[in-house]
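The values are calculated or read from the model by the stated rules, or taken from the named source; none is laboratory data. What you see is a predicted model; the values in this text were computed from it and never measured. All Cβ positions, glycine included, derive from the backbone under ideal geometry; neighbour counts span all protein chains shown. When the accessible area is computed, the model is the full protein with side chains, heavy atoms only, and any ligands, DNA or RNA have been set aside. Shrake-Rupley method; radii C 1.70, N 1.55, O 1.52, S 1.80 Å.
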Amino acid sequence: MNSDATILSVRGLTTHFQTAEGVVKAVDDVSFDLKRGETLGIVGESGSGKSVTSLSLMRLVPQSTGEIVFDGVDVNRMSENDVRRIRGRRMAMIFQDPMSSLNPYLKVSTQLAEITKLHLGLDQKQAREHAIKMLETVGIPDAASRLDSHPHEMSGGMRQRVMIAMALSCEPELLIADEPTTALDVTIQAQILELIGDLTAKMNTSVILITHDLGVLAGMADKVIVMYAGRVFEQASAVELFARSANPYTLGLLKSTPGIADDTDGDLYQIPGMPPDAANLPRGCPFAERCERAADICRDQPPPFVDVSEGHFSLCHFASEIYAEAKH
Amino acid sequence: MNSVPENLISLEDVRVEYSSRPSLFGSGQSVRAVDGVSLEIKRGETLGLVGESGCGKSTLGRAVLRLTEPTSGRVMHDGDDLASLQPEEMRRRRRQLQMIFQDPYSSLNPRMTTGQIIGEPLKTFDLGASKDRVQTLMETVGLDRRFIDRRPREFSGGQRQRIGIARALAAEPEFIVADEPISALDVSIQAQILNLMRRLQKENGLTYLFISHDLRAVRHIADRVAVMYLGRIVELADAKELYRDPLMPYTRALMSSIPVADPVIERKRERIILRGDVPSPFDPPSGCHFHTRCPFAIDECSRIEPRLVEIKPGHTAACIRISPGHPHIGQNVASGLGALTQ
Ligand SMILES: Nc1ncnc2c1ncn2[C@@H]1O[C@H](COP(=O)(O)OP(=O)(O)OP(=O)(O)O)[C@@H](O)[C@H]1O
Ligand SMILES: Nc1ncnc2c1ncn2[C@@H]1O[C@H](COP(=O)(O)OP(=O)(O)OP(=O)(O)O)[C@@H](O)[C@H]1O
Ligand SMILES: [Mg+2]
Ligand SMILES: [Mg+2]
């Protein structure tokens, strides 16, 4: 494999929080590689560790350990100053709720100009022109006159566009988008996803897209990580994961998503129970209690990391068997 | 009255207008959140109500239960206009008409125990609030009966939503408005709640108005589906029919925006991406409200208010570019048909 095509290489990323209830293993031993121009999807239920993973990658969580090799340099070993120099410039982030990362009292122009003045050294006039160009790029009509509005005067879709404009204004090499469309209507979601897809393709940006919607991933991701209880339960190319998953948890998620062409009147498949308490994980597999397939070994021993085919891993005692059965 | 009407609920030209007080920014504005909706809900069916945020779904749902007074129009329950009932009779009807709310976090009183929350309607409607009855209800919705003294914060989102459902069921209703009952939940838990609602419907002969912006969930649970846009119903049909052959350009855009969980299909799929956001409800576009975003709009669309017309049997739509003789807009556009007489 051509190593200089890899922009990000993560090894053993672990983020544990000390809380009154005990140690919360929010992210536990996450590893993956991402190439330039590639889109990695991360999917999982609420609390599975998706957001903590992305914040840890940006080194926004002090507790995090492991290697985050970004273009050859380990972010976790950089000085705070060096991290600040790449954050927002070479790696940027879009958050689920645009209001939490936009300042409602500052004009959009001010917020956009701040970034390019800091990272690209633009002066006021250049920064303003750049801001107009960015708003046009993300499809905000009448960008020049919108520039001086405040975020609260905009619709949800419009704010999310501003967030994307901010994230992309320094042409980052890595974009992390944490549920960028969850708060939006499907029609606006389709616009925003198309926009992210087009812009990142044009700039050859690598993308980490976090979502709980398997349909969104199917359209956007080259490869997918499925998280459960802070761990990577399965990792595969998108095509392989949807066609031939080797993990009972992934299969449960896939089956419980109602299809649009589904003409069956029967019940939906349901994964029984709920995810375990992150501060009190069981000894064996954290999914065992909800798993149809669970045997004694699952309750006793943590699941092994099984390499079922090239680039396809599954964390399950029965991964190989399930993979063999799924062959058609 | 002796005969039982087929329609449990019917709405006749219901309007709900909200007015805001004059403020710094000018004189008071008003929003027609519900703009002349006529609709029938049949006994025992699930009617799905879909549309983008702010189009008036919740307002319509509340108007059906008269939790929000309609500005005009009539809401009929069992053939009687709810506005004309005597207080005692209205109390009886209230019991039969219940609601499940979107947000399982804010719709339950955090200071009350599960037992108190579920027991409240039992007390209000004199149905006998025994501990046993409460625990039976808990079991019906799949909650462990031992959790009776726990408070909402000790439950997960899915479990809280079950408490909300048990509370609605406690009144022994015949009709439930479920306003986005699964939107705040994980996919895995959504399936649990959808299956539960279907089971309860079968067992208790319930009728549902199921409000959601998740078209996949609605496809799964609804018998018929109404599509709403800026206060108006723009299309209504059997669920299977609507998803197989959506007629309105708006409905087609909604359907094509739903991502399909299959990369092979999803990447080849033809998508209609709408331009722009939902227009401001304070100043809705003239004529057909959708014309500003419609890929097929012609001049007449900004002048003529389309009526809801039966285009195919049981399938109504409001668009001047389609008619019973010419139901498919794509073909009509291709063959150069302009505005059709309705
Ligand atoms: N600062 C913190 N201190 C303690 N625990 C935390 C902290 N931040 C997150 N957690 C816990 O870590 C786990 C993972 O949280 P995370 O926010 O990454 O989940 P998520 O997968 O993004 O979920 P969602 O889909 O709800 O956004 C959860 O159990 C959460 O409660
Ligand atoms: N109490 C109120 N006072 C003033 N305006 C209101 C009130 N409630 C709703 N509105 C307005 O009425 C319109 C319809 O709102 P409604 O909540 O019914 O929409 P919805 O379709 O349920 O949206 P969502 O999908 O976001 O829940 C919106 O423009 C909303 O801002
Ligand atoms: Mg998150
Ligand atoms: Mg609503």
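Compute the helix-to-body angle for B:187-204: its Cα long axis versus the longest principal axis of chain B, expressed 0 to 90° and rounded to tens.
Roughly 70 degrees between the two axes.
Could you tell me which trypsin sites (Lys or Arg not before Pro) in region A:114-163 are loop residues by DSSP with no more than 16 other beta carbons within 10 angstrom of their beta carbon? Working shown, then result.
Details: sites: A:117, A:125, A:128, A:133, A:146, A:159, A:161; in loops: none.
Nothing satisfies the criteria.
In debye to the nearest 20, how big a dipole does chain A give about its Cα centre with +1 on each Lys and Arg Cβ and -1 on each Asp and Glu Cβ? Don't skip to the end; give the middle numbers.
Values: 30 positive and 44 negative charges, 220 e Å.
That gives a dipole near 1060 debye.
Is the shape of region B:247-342 rounded, prolate or oblate, going by the alpha carbon gyration tensor and its root eigenvalues a ≥ b ≥ c, with a/c under 1.5 for rounded and a/b larger than b/c for prolate? Don't jump to the answer; show the numbers that get you there.
On the way: a/c = 1.92, a/b = 1.31, b/c = 1.47.
Judged from the Cα gyration tensor, region B:247-342 comes out oblate (a/c at least 1.5, b/c at or above a/b).
For region B:134-141, what does the Karplus curve 6.51 cos²θ - 1.76 cosθ + 1.60, with θ = phi - 60°, yield as ³J(HN,Hα) per residue in whole Hz, taken in order and with x for Gly and Pro?
3J(HN,Hα) across region B:134-141, in whole Hz: 4, 5, 4, 4, 4, 5, 4, 9.
Which shape class applies to region B:1-150: rounded if a/c is under 1.5, otherwise prolate when a/b exceeds b/c and oblate if not, where a ≥ b ≥ c are the square roots of the Cα gyration tensor eigenvalues?
Oblate.
Can you pull out the chymotrypsin sites (Phe, Trp or Tyr not before Pro) in region B:268-342 that DSSP calls coil and that have at most 12 other Cβ atoms within 10 Å? Can you show the working numbers first?
Details: sites: B:282, B:290, B:296; in loops: B:282, B:296.
In loop regions of region B:268-342 (DSSP not H, G, I, E or B), the sparsely surrounded chymotrypsin sites (Phe, Trp or Tyr not before Pro) are B:282.
Between the helical axis of B:87-96 and the dominant principal axis of chain B, each derived from Cα atoms, what acute angle in degrees is found, rounded to the nearest 10?
The answer is roughly 80 degrees.
Around residue A:39, which amide H atoms from residues at least 5 apart in sequence, or from another chain, sit under 5 Å from its own amide H, with H modelled in the peptide plane?
Close amide H contacts, sequence-distant or interchain: A:207, A:222, A:223.
If the reach is capped at under 22 angstrom between alpha carbons, list the lysines near residue B:123, excluding any in the same chain fewer than eight residues apart.
B:131
May I have the convex hull volume per residue, in Å³, for the Cα set of chain B? If you can, show how the numbers build up before the last one.
Details: hull volume 58.5 nm³, N = 342.
So the per-residue Cα hull volume is 171 Å³.
Cα centroid distance between region A:99-148 and region A:181-233, in Å?
A separation of 24 Å, based on Cα centres.
Between residue A:267 and residue B:84, what is the FRET efficiency for a Förster distance of 56 Å, r being their Cβ-Cβ separation, to the nearest 0.05? Mind dumping the intermediate values first?
On the way: r = 41 Å, r/R0 = 0.73.
Approximately 0.85, to the nearest 0.05.
Taking DSSP loops as anything outside H, G, I, E and B, show the longest stretch in chain A free of GluC sites (Glu not before Pro) there with at most 12 other beta carbons within 10 Å. Walk me through the numbers on the way to the answer.
Values: sites that count: A:21, A:292, A:310.
Answer - A:22-291.
Need one number: nm distance between label points at residue B:283 and residue B:203, each 7 Å from Cα along Cα→Cβ, rounded to one decimal.
Each label point lies 7 Å from its Cα, and together they span 5.3 nm.
Over the heavy atoms of residue B:144, what accessible area does a 1.4 Å probe trace out, to the nearest 10 Å²?
So the heavy atoms of residue B:144 present about 50 Å² to solvent.
What 222 nm value per residue comes from the helices of the protein assembly as shown, counting each DSSP H run with n ≥ 4 as -39,500 (n - 2.57) and dividing by all residues, nearest 500 deg cm²/dmol?
Numbers: 24 runs with 220 residues, N = 670.
Result for the protein assembly as shown, helices only: -9500 deg cm²/dmol.
Taking loop as defined by DSSP and a crowding limit of 13 other beta carbons within 10 Å, which chymotrypsin sites (Phe, Trp or Tyr not before Pro) in region A:63-107 fit? Walk me through the numbers on the way to the answer.
Values: sites: A:70, A:95, A:105; in loops: A:95, A:105.
Here the chymotrypsin sites (Phe, Trp or Tyr not before Pro) that fit, given the DSSP loop and packing criteria, are A:105.
Just to compare against my own numbers: the Cα pair-distance distribution for chain A, 10 Å bins, whole % per bin, please.
Percent of Cα pairs in each bin: 6, 24, 32, 24, 11, 3, 0.
Evaluate Rg over Rh across the protein assembly as shown, taking Cα atoms for both radii and Kirkwood's formula for Rh.
With Rh from the inverse mean 1/r over Cα pairs, Rg/Rh is 0.97.
Where the accessible area of the protein assembly as shown is counted over protein heavy atoms with a 1.4 Å probe, how much of it, in %, is carbon and sulfur? Present the calculation step by step, with values, prior to reporting the outcome.
Numbers: 14250 of 29110 Å².
Looking at the protein assembly as shown in its full context, I get 49 percent from C and S.
What lysines sit close enough to residue A:202 to cross-link, taking a C-alpha to C-alpha distance under 25 Å and skipping anything fewer than 8 places away on the same chain?
Reachable lysines: A:35, A:117, A:133, A:223, B:268.
Could you tell me how many degrees, from 0 to 90 and to the nearest 10, lie between the Cα long axis of helix B:157-170 and the main elongation axis, the longest principal axis, of the Cα atoms of chain B?
Computed tilt is about 80 degrees.
B plus A alone minus the pair: what accessible area, both sides summed, probe 1.4 Å, in Å² to 100?
Numbers: alone 16780 and 15900 Å², together 29110 Å².
Chain pair B/A: roughly 3600 Å² of buried accessible area.
Which of the residues in region B:181-211 lose at least 10 Å² of accessible area when you go from the chain alone to all protein chains together (probe 1.4 Å)?
B:186, B:187, B:188, B:189, B:191, B:192, B:194, B:195, B:198
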